[in-house]
Amino acid sequence: MTRPLHERLKEARLAIRRTQTQLATLFKVTHATYNRWETGRVMPTRKRQVKIEKLIDMAQKYVRSEGQGT
């Protein structure tokens, strides 16, 4: 079973060593909105969910590449 989006979002943010404020800027939302996404209190729009999934995928690839020493 896939973990909730908000859990994967936080994990991805930590993996790429970014703050909530930095990702809020990336997604063009306020820090408060981003925080609500990451805590699961509010779901992002479908359009933003697609962008978040891309970020999560990128973070997973980054973590794998670090493990390989590249």
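Below, the figures for the structure above:
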{"quantity": "Sparse-neighbourhood loop sites, trypsin sites (Lys or Arg not before Pro) in the range 35-70 - DSSP loop, at most 11 other Cβ within 10 angstrom", "calculated": "R41"}
{"quantity": "Net dipole in debye of the chain [+1 Lys, Arg Cβ; -1 Asp, Glu Cβ; about Cα centre; nearest 20]", "calculated": "260"}
{"quantity": "Principal semi-axes in Å for the chain [√(5λ), Cα gyration tensor, largest first]", "calculated": "21, 13, 10"}
{"quantity": "Surface share of carbon and sulfur [accessible, 1.4 angstrom probe, percent] for the chain", "calculated": "54"}
{"quantity": "J(HN,Hα) series, the range 57-64, from Karplus relation 6.51 cos²θ - 1.76 cosθ + 1.60, nearest Hz, glycine and proline x", "calculated": "4, 4, 5, 5, 5, 4, 4, 5"}
{"quantity": "Cβ-based net charge around R3, under 15 Å, with every Lys or Arg adding one and every Asp or Glu removing one", "calculated": "-2"}
{"quantity": "Average accessible surface area per residue within the chain, 1.4 Å rolling probe, Å²", "calculated": "71"}
{"quantity": "Added length on full extension, which subtracts the Cα-Cα distance from 0.36 nm per residue, K61 to K28", "calculated": "9.5 nm"}
{"quantity": "Helix-derived mean residue ellipticity, 222 nm - over the chain, DSSP H n ≥ 4, -39500 (n - 2.57), to 500", "calculated": "-22500 deg cm²/dmol"}
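The values are calculated or read from the model by the stated rules, or taken from the named source; none is laboratory data. Bear in mind that the values here come from a model prediction, so they are computed numbers and not experimental data. Note: ideal-geometry Cβ built from the backbone for every residue, glycine included; neighbour counts use all protein chains shown. The protein model used for the area step is the full one, side chains on, heavy atoms only, and it has no ligands, DNA or RNA in it. Shrake-Rupley method; radii C 1.70, N 1.55, O 1.52, S 1.80 Å.
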